[in-house]
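The values are calculated or read from the model by the stated rules, or taken from the named source; none is laboratory data. All values derive from a computational prediction rather than experimental measurement. Here the Cβ is made from the backbone with ideal geometry for all residues, glycine too, and neighbour counts use every protein chain on show. For accessibility, only protein heavy atoms count, side chains too; no ligands or nucleic acids. Shrake-Rupley method; radii C 1.70, N 1.55, O 1.52, S 1.80 Å.
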Amino acid sequence: MAAPGPARLFRAAAASSRRWLFSSTSPAAGPRPGCSGAAAARRAARPFSLSARAGLSSEDKITVHFINRDGDKLTAKGKPGDSLLDVVVDNNLDIDGFGACEGTLACSTCHLIFEDHIFEKLDAITDEEMDMLDLAYGLTETSRLGCQICLKKSMNDMTVRVPEAVADARQSVDMSKNS
(Lines give C-alpha, C1' and ligand atoms only; values in the text may rest on other atoms or scores of the structure.)
Protein backbone atom coordinates (compact mmCIF):
# COMPACT_ATOMS: atom_id res chain seq x y z
CA MET A 1 0.00 0.00 0.00
CA ALA A 2 1.37 3.43 -0.96
CA ALA A 3 2.02 6.11 1.63
CA PRO A 4 -0.64 8.84 1.85
CA GLY A 5 0.08 11.98 -0.16
CA PRO A 6 0.94 15.34 1.44
CA ALA A 7 -2.52 16.80 0.79
CA ARG A 8 -4.20 13.91 2.59
CA LEU A 9 -1.84 14.21 5.57
CA PHE A 10 -2.49 17.94 5.75
CA ARG A 11 -6.29 17.43 5.75
CA ALA A 12 -5.99 14.84 8.54
CA ALA A 13 -3.81 17.15 10.64
CA ALA A 14 -6.17 20.08 10.08
CA ALA A 15 -9.20 18.01 11.11
CA SER A 16 -7.41 16.86 14.25
CA SER A 17 -6.44 20.40 15.26
CA ARG A 18 -10.00 21.68 14.65
CA ARG A 19 -11.34 19.10 17.10
CA TRP A 20 -9.33 20.52 20.01
CA LEU A 21 -9.34 24.12 18.78
CA PHE A 22 -13.13 24.34 19.00
CA SER A 23 -13.47 22.27 22.14
CA SER A 24 -13.21 23.63 25.67
CA THR A 25 -9.79 22.02 26.13
CA SER A 26 -6.70 21.67 24.03
CA PRO A 27 -4.17 18.89 24.38
CA ALA A 28 -1.45 21.32 25.44
CA ALA A 29 -3.23 24.00 27.44
CA GLY A 30 -5.79 22.13 29.50
CA PRO A 31 -9.11 23.84 30.32
CA ARG A 32 -9.87 27.01 28.41
CA PRO A 33 -10.47 30.16 30.48
CA GLY A 34 -13.91 31.66 30.36
CA CYS A 35 -17.26 31.98 32.02
CA SER A 36 -18.56 28.49 32.66
CA GLY A 37 -18.76 24.95 31.41
CA ALA A 38 -22.04 25.77 29.70
CA ALA A 39 -20.49 28.72 27.85
CA ALA A 40 -17.57 26.52 26.78
CA ALA A 41 -19.98 23.90 25.50
CA ARG A 42 -21.82 26.55 23.44
CA ARG A 43 -18.51 27.81 22.00
CA ALA A 44 -17.53 24.26 21.10
CA ALA A 45 -20.86 23.72 19.35
CA ARG A 46 -20.92 27.09 17.55
CA PRO A 47 -19.41 25.99 14.22
CA PHE A 48 -21.67 22.96 13.95
CA SER A 49 -25.15 23.89 15.19
CA LEU A 50 -27.19 26.93 16.02
CA SER A 51 -30.41 25.08 16.81
CA ALA A 52 -29.70 24.87 20.55
CA ARG A 53 -30.12 28.65 20.83
CA ALA A 54 -33.34 28.82 18.83
CA GLY A 55 -35.55 28.05 21.84
CA LEU A 56 -34.57 31.21 23.75
CA SER A 57 -37.13 33.94 24.14
CA SER A 58 -36.00 37.54 23.86
CA GLU A 59 -36.90 37.97 27.54
CA ASP A 60 -34.10 35.53 28.46
CA LYS A 61 -31.51 37.57 26.61
CA ILE A 62 -29.39 40.46 27.87
CA THR A 63 -28.90 43.56 25.73
CA VAL A 64 -25.39 45.01 25.47
CA HIS A 65 -24.42 48.24 23.71
CA PHE A 66 -20.89 48.53 22.32
CA ILE A 67 -19.44 51.94 21.40
CA ASN A 68 -17.06 51.06 18.58
CA ARG A 69 -13.71 52.74 17.87
CA ASP A 70 -15.34 55.05 15.32
CA GLY A 71 -18.08 56.09 17.78
CA ASP A 72 -20.82 53.91 16.27
CA LYS A 73 -23.18 52.25 18.72
CA LEU A 74 -23.62 48.51 18.10
CA THR A 75 -26.35 46.70 20.03
CA ALA A 76 -26.47 42.94 20.54
CA LYS A 77 -28.08 40.35 22.78
CA GLY A 78 -26.61 37.40 24.64
CA LYS A 79 -27.59 34.76 27.17
CA PRO A 80 -26.68 34.85 30.85
CA GLY A 81 -23.32 33.08 31.12
CA ASP A 82 -22.13 34.13 27.65
CA SER A 83 -18.89 36.07 27.58
CA LEU A 84 -18.85 39.45 25.86
CA LEU A 85 -16.59 37.86 23.25
CA ASP A 86 -19.34 35.29 22.60
CA VAL A 87 -21.84 38.14 22.16
CA VAL A 88 -19.63 39.89 19.59
CA VAL A 89 -18.95 36.68 17.64
CA ASP A 90 -22.49 35.25 17.81
CA ASN A 91 -24.01 38.55 16.64
CA ASN A 92 -21.35 39.08 13.96
CA LEU A 93 -20.55 42.59 15.21
CA ASP A 94 -18.07 44.54 13.11
CA ILE A 95 -15.34 45.27 15.66
CA ASP A 96 -12.03 44.99 13.83
CA GLY A 97 -9.55 42.53 15.35
CA PHE A 98 -11.76 41.75 18.36
CA GLY A 99 -11.01 38.39 20.00
CA ALA A 100 -8.02 37.36 17.89
CA CYS A 101 -7.12 34.50 20.29
CA GLU A 102 -10.75 33.27 20.37
CA GLY A 103 -10.98 33.64 24.14
CA THR A 104 -7.91 31.62 25.13
CA LEU A 105 -6.55 34.53 27.18
CA ALA A 106 -3.54 34.90 24.89
CA CYS A 107 -4.07 38.49 23.66
CA SER A 108 -5.80 41.72 24.64
CA THR A 109 -7.84 42.39 21.50
CA CYS A 110 -11.15 42.02 23.37
CA HIS A 111 -10.20 44.86 25.76
CA LEU A 112 -13.31 46.80 26.79
CA ILE A 113 -13.90 49.81 29.02
CA PHE A 114 -16.83 49.56 31.43
CA GLU A 115 -19.01 52.14 33.12
CA ASP A 116 -18.09 52.57 36.80
CA HIS A 117 -21.37 51.17 38.18
CA ILE A 118 -21.01 47.99 36.08
CA PHE A 119 -17.26 47.61 36.70
CA GLU A 120 -17.83 47.56 40.47
CA LYS A 121 -20.12 44.52 40.12
CA LEU A 122 -17.77 42.42 37.94
CA ASP A 123 -16.16 39.26 39.27
CA ALA A 124 -12.58 39.55 40.50
CA ILE A 125 -9.87 39.77 37.89
CA THR A 126 -7.42 36.87 37.58
CA ASP A 127 -3.63 37.20 37.39
CA GLU A 128 -3.72 35.85 33.83
CA GLU A 129 -6.22 38.50 32.72
CA MET A 130 -4.17 41.20 34.45
CA ASP A 131 -1.07 40.04 32.54
CA MET A 132 -2.90 40.37 29.22
CA LEU A 133 -4.38 43.75 30.16
CA ASP A 134 -0.82 44.98 30.72
CA LEU A 135 -0.38 44.62 26.94
CA ALA A 136 -3.55 46.54 26.05
CA TYR A 137 -3.57 50.06 24.59
CA GLY A 138 -5.71 52.71 26.25
CA LEU A 139 -5.86 50.92 29.61
CA THR A 140 -8.17 52.57 32.16
CA GLU A 141 -9.23 51.91 35.74
CA THR A 142 -12.35 50.17 34.39
CA SER A 143 -10.71 48.04 31.67
CA ARG A 144 -11.34 44.30 31.39
CA LEU A 145 -11.09 41.62 28.72
CA GLY A 146 -14.42 40.77 27.11
CA CYS A 147 -13.60 37.07 26.98
CA GLN A 148 -13.49 37.01 30.78
CA ILE A 149 -16.71 38.91 31.49
CA CYS A 150 -19.83 36.78 31.72
CA LEU A 151 -23.28 38.24 31.22
CA LYS A 152 -25.63 38.49 34.18
CA LYS A 153 -29.22 39.74 34.26
CA SER A 154 -28.04 42.83 36.19
CA MET A 155 -25.95 43.83 33.14
CA ASN A 156 -28.98 44.26 30.86
CA ASP A 157 -28.72 47.46 28.78
CA MET A 158 -25.12 48.12 29.81
CA THR A 159 -22.82 50.10 27.54
CA VAL A 160 -19.16 49.19 27.04
CA ARG A 161 -16.61 51.12 25.04
CA VAL A 162 -14.07 49.61 22.65
CA PRO A 163 -10.71 51.45 23.01
CA GLU A 164 -9.51 53.51 20.06
CA ALA A 165 -6.45 51.31 19.48
CA VAL A 166 -5.89 47.59 19.76
CA ALA A 167 -2.75 45.59 20.52
CA ASP A 168 -2.98 42.90 17.86
CA ALA A 169 0.17 40.91 17.07
CA ARG A 170 -1.22 40.08 13.62
CA GLN A 171 -0.91 43.76 12.66
CA SER A 172 2.56 44.38 14.15
CA VAL A 173 4.59 42.58 11.48
CA ASP A 174 7.70 44.56 10.50
CA MET A 175 7.09 45.56 6.89
CA SER A 176 10.22 47.75 6.68
CA LYS A 177 12.42 44.96 5.28
CA ASN A 178 12.01 44.22 1.61
CA SER A 179 12.77 40.72 0.37
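Points worth noting:
- Remark: pairs (first residue in the range 97-108, over 12 Å from E129 (Cβ atoms); second residue modelled with pLDDT of 90 or more and not in a loop (DSSP other than H, G, I, E, B); Cβ separation under 6 Å; 6+ apart in sequence or on different chains) = F98/V88; G99/L85.
- Residue check, I118 of a type in the set (A, V, I, L, M, F, W, C) and in contact (Cβ under 8 Å) with a residue 40 or more places away in the chain: yes
- Residues satisfying the stated conditions in the range 91-111, i.e. of a type outside the set (V, I, T) and closer than 13 Å to C147 by Cβ: F98, G99, A100, C101, E102, G103, L105, A106, C107, S108, C110, H111
- N156 vs. criteria touching a strand residue (DSSP E or B) at 6+ places or on another chain (Cβ under 6 Å) and modelled with pLDDT of 95 or more: yes
- Among (1) of a type in the set (V, I, T); (2) open to solvent by 50 Å² or more (accessible area, probe 1.4 Å); (3) within 19 Å of C35 (Cβ to Cβ) - the single one T140 does not satisfy: (3)
- Filtered residues of the range 143-167 (kept if in contact (Cβ under 8 Å) with a residue 40 or more places away in the chain, open to solvent by less than 60 Å² (accessible area, probe 1.4 Å) and not aliphatic (A, V, I, L, M)): G146, C147, Q148, C150, T159, P163
Listed here are the residues, each with its yes/no results for (1) in a loop (DSSP other than H, G, I, E, B); (2) modelled with pLDDT of 95 or more.
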residue	(1), (2)
G81	yes, yes
D86	no, yes
V89	no, yes
N92	yes, yes
G97	yes, no
A100	yes, no
G103	yes, no
C107	yes, no
I113	no, yes
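- Unmet criterion (only one of (1) over 23 Å from D90 (Cα atoms); (2) in contact with a Cys (Cβ under 9 Å, 6 or more places away or on another chain)) for E120: (2)
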